[in-house]
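The values are calculated or read from the model by the stated rules, or taken from the named source; none is laboratory data. Nothing here was measured: the structure is a model prediction, and the numbers come from that model. Reconstructed Cβ throughout: ideal geometry from the backbone, glycine too, with neighbour counts over all protein chains shown. Note: accessible area is taken over every heavy atom of the protein model, side chains too, but ligands, DNA and RNA are not part of it. Shrake-Rupley method; radii C 1.70, N 1.55, O 1.52, S 1.80 Å.
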Amino acid sequence: MTSERLSDDATSSTVEGGAAAVGAPRSGDVPAGGSGGGATPTPTRARRLRWILPAVLVLVWLAIAGIGGPYSGKLSEVQRNDTSSFLPAGAESTKVVNQQAAFASAKTFPACVLVEGDSALTPAQLQAFTAFAQSAPATTVPVKGGEARKIGDFLVPGPIVVVPSKDGKAALALVNFDANQAFSTLSDGTNPVQASIEALRSADHGLDTAGARVYVAGPAGTIADFVKAFAGIDGTLLVVALIAVLVILLIVYRSPVVPFFVLATSLFALSLASVVVYFLAKNDAIKLNGQSQGILSILVIGAATDYALLLVSRYREELRRHDDRYEAMGLAWRRTIEPVAASAGTVILGLLCLLLSQLSSTKGLGPVGAIGIAAALLSAMTFLPALLVLPGRNKPGEHGRWVFWPSVPHVGSRGPETSGIWSRVARLVGAHPMRVAIGSGVGLLVLAAFLPTLKAEGVKQSDTFLTTVESVTGADALARHFPAGSGTPTIVIGPADKAAAIASTIQASPGVSSLVPVTDAPAAGQGGGQAGGQQPAAQPKVVDGRVQFQVTLKDPSDSTAAEDTVRQLRTDLDAVSPDALVGGGTAQNLDIRDISTSDRNRVIPIILAVIFVVLALLLRALVAPLILIVGNVLSFAATLGASALVFNHVFHFPGSDPTVTLFGFVFLVALGIDYSIFLMTRVREESIRAGTRPGILKGLAVTGGVITSAGVVLASTFAALGVLPILFLAQIAFIVAFGVLLDTIVVRSLFVPSVSYLVGKRVWAPSKLARGDDEAIEQAEPVLQD
């Protein structure tokens with residue numbers, strides 16, 4: 001007798017220790033009055049009316065989709081993408097923002113309008129540029145379906161002054177937006193800053209034929225480019241993800257019906273999640289930004305499809321044992337709800353751990369993602385089952401199986417799990433568990449060895465765009481002719497009685513170009529920093545015993561050198577006065593990076609602990625959860641090692657933010673553990689019938705196809721994030737897509753089953769299953785190892 005019996009003998013009892021193999025009805029599987037052999041029971045009125053609940057559920061979900069669908073496109077209206085809104089109140093740069101309000105009637109958000117020539121600008125060119133810059137407030141901002149606005153509606157009052165560069169080849173004008181207006185929404189749902197910047201960039205400045213180039217950059221230009229980049233979320237990203245899922249489902253099911261049912265399940269879940277997230281964000285209960293919105297759609301589509309695949313697979317399995325589709329669905333639903341709910345619960349709890357983050361952007365993703373997963377669970381476990389059992393046109397003997405046409409699962413037919421690649425993988429694990437465990441573990445460790453080469457210390461804001469944008473090219477042009485920090489000043493606020501010492505300390509810094517005190521009668525151009533570099537003789541304005549300085553740095557505001565200058569300024573000024581604070585755009589980027597690193601180091605262990613507890617409760621064991629956690633942590637480390645190789649040597653990325661590692665961990669460990677949950681819950685079910693080691697092999701063979709399909713779907717949906725030209729999302733796309741495939745193909749298929757097989761029944765310790773009778777195991781082992 002050989003191990004071929006595991007896959008080729010559908011009625012063999014050797015592997016299962018007496019239980020019938022998949023493909024034949026089991027005793028106890030068919031309820032009284034049911035038909036395990038194909039006979040149709042006598043219909044009753046109650047049985048004839050069983051379609052009512054599914055019909056009601058379908059109608060309810062149609063209503064949800066009708067109401068919630070439009071909100072998917074309206075989520076951009078409640079986004080906040082400004083850096084300052086990400087930081088906690090205790091961050092030093094946030095304290096500066098709050099104290100700045102006392103020095104000015106409005107917070108400013110500057111756009112740097114720059115003209116650059118190949119040679120010195122002529123008087124005519126300078127005059128034309130001055131006229132263009134000063135006419136900016138009168139420039140029309142088109143509003144679709146509404147009354148056109150003027151850029152001046154969103155600016156702080158004050159003249160726009162043009163400052164020529166020392167080399168005469170450029171001139172700079174600061175157009176200061178009102179920060180309170182910057183992140184509101186126009187009547188057509190567009191962002192006023194983005195709409196204003198686009199209008200300014202497309203306006204006729206009359207210099208194109210004069211050998212000069214005009215750029216609109218600065219913080220406002222950067223925000224405009226971010227908003228434009230994220231505009232693809234509502235269209236391109238969703239279409240790419242859905243097409244990828246549809247192609248995979250058509251290959252998996254070879255049916256023209258089921259794939260569209262699964263897609264409808266995903267889209268309806270996204271509708272539900274969108275409407276909930278919209279109203280919570282609109283009422284400031286949660287924070288939503290472009291990144292969170294993009295991840296939400298991908299997360300919902302991927303999770304809903306995964307859950308749907310698991311339900312459909314179990315339903316098809318039960319249809320081979322039961323003639324009545326309602327009975328088959330009832331059994332499939334009951335046996336699927338536990339692993340799916342546990343999987344969703346694990347992901348939800350993992351995401352909610354992000355609420356412990358200090359960054360609002362990271363904290364906001366927690367509830368946003370959790371809402372998406374909950375919606376996916378509800379849709380997959382209510383709407384999809386209702387669709388699958390609704391009456392339809394059937395050929396004789398199909399009894400409601402029309403949705404699977406042309407591959408109809410008939411009662412008594414053999415399932416794909418009884419032969420093919422996954423039965424061979426199961427035989428490999430059973431025959432050589434030690435080799436498989438060592439081989440897969442070493443493979444993961446080899447990739448993990450490259451983890452230290454991952455550059456996760458942060459990147460310049462200009463490096464976050466993967467395409468050429470004007471805010472970056474304009475910043476480069478600005479740095480060629482002015483102090484690179486012009487237009488994005490560093491703000492220093494400190495005690496008035498220490499003003500002279502604070503000014504001297506700032507001027508002594510080698511990274512500082514100039515400083516300007518805020519006065520009662522501010523010089524033209526204050527609010528955006530001084531471009532010329534000369535310090536005017538003026539008395540600082542004193543507010544509540546404090547003074548404010550605007551500091552222009554020599555290096556670009558988003559550069560590592562500028563951040564080093566800010567860090568050193570904070571240290572030096574603390575020696576002058578502990579109440580001296582350093583803020584501004586560079587300081588905000590620095591605080592975000594430092595807090596992101598702190599969040600990563602604090603949240604990751606908490607997520608691991610939460611997942612371990614959930615797994616222990618689900619599997620009623622401690623050893624099995626430990627194996628799963630070790631496998632997924634190894635997988636995460638290997639994924640980051642592979643990512644380091646690809647990012648450094650293939651894509652040549654400049655680096656990544658600490659949040660990439662944190663988000664990657666959340667998605668990989670929380671989502672990757674799904675596949676181990678799907679596997680081990682089925683293994684536990686089979687182990688109760690046949691013993692642990694036969695149960696491991698049977699569970700692997702039965703779930704192999706569906707879990708692999710689910711992994712490919714999830715990897716494909718996350719890979720769709722790569723279509724957006726943002727470095728952060730491209731890196732998340734690769735990390736999650738590669739990591740999910742690694743989890744699916746290596747960890748769940750080889751590492752976890754082989755290690756569990758070696759441990760044997762002790763994998764369920766300390767539950768009663770670990771102390772069970774070994775007779776079935778002893779009978780099965782010679783066959784499995786032949």
Problem set entry | Modelled FRET efficiency - R0 30 Å, TRP51 with ARG620, Cβ distances, 0.05 increments | 0.20
For this session: Given the peptides 376-383, 199-206, 593-600, arrange them by the average over their residues of other C-beta atoms within 10 Å, most packed first.
Result: 376-383, 593-600, 199-206
Exercise. Could you state the principal axis extents of the C-alpha atoms in the range 232-354, from the largest down, to the nearest angstrom?
Worked result: 51, 29, 20
For this session: Compare ARG213, ARG567 by solvent-accessible area with a 1.4 Å probe and give them largest first, with all protein chains kept in place.
Result: ARG567, ARG213
Exercise. Quick one: if you stick a label point 7 Å off each Cα along the C-beta vector at ILE438 and VAL247, how many nm between them?
Worked result: 4.1 nm
Problem set entry | Per residue accessible area of the chain, 1.4 Å probe, in Å² | 38 Å²
For this session: Could you please state how large a percent of the accessible area of the chain is carbon and sulfur, counting protein chains only and using a 1.4 Å probe?
Result: 60 percent
Exercise. Between SER504 and PHE651, how many nm apart are label points set 7 Å from Cα along the C-beta direction?
Worked result: 5.0 nm
For this session: Compute the long axis of helix 258-282 from its Cα atoms, compare it with the longest principal axis of the Cα atoms of the chain, and write down the angle in degrees, 0 to 90, nearest 10.
Result: 40 degrees
Exercise. Over 23 Å between Cα atoms, which of LYS74/LYS107; LYS95/LYS166; LYS95/LYS541; LYS228/LYS287 qualify?
Worked result: LYS74/LYS107; LYS95/LYS166
For this session: With a point put 7 Å past each Cα toward its Cβ, work out how far ALA341 is from THR122 in nm, to one decimal.
Result: 7.9 nm
For this session: Please work out the FRET efficiency for the pair LEU390 and ALA203, using the Cβ-Cβ distance as r and a Förster radius of 56 Å; give the result to the nearest 0.05.
Result: 0.50
Exercise. So which lysines can LYS761 reach, going by Cα to Cα under 24 Å and dropping same-chain residues fewer than 8 places off?
Worked result: LYS698
For this session: Any chance you could tell me what percent of the C-alpha pair distances in the chain go past 47 Å?
Result: 32 percent
For this session: Work out the FRET efficiency for LEU445 and THR560 from their Cβ-Cβ distance, taking R0 = 30 Å, and round it to the nearest 0.05.
Result: 0.40
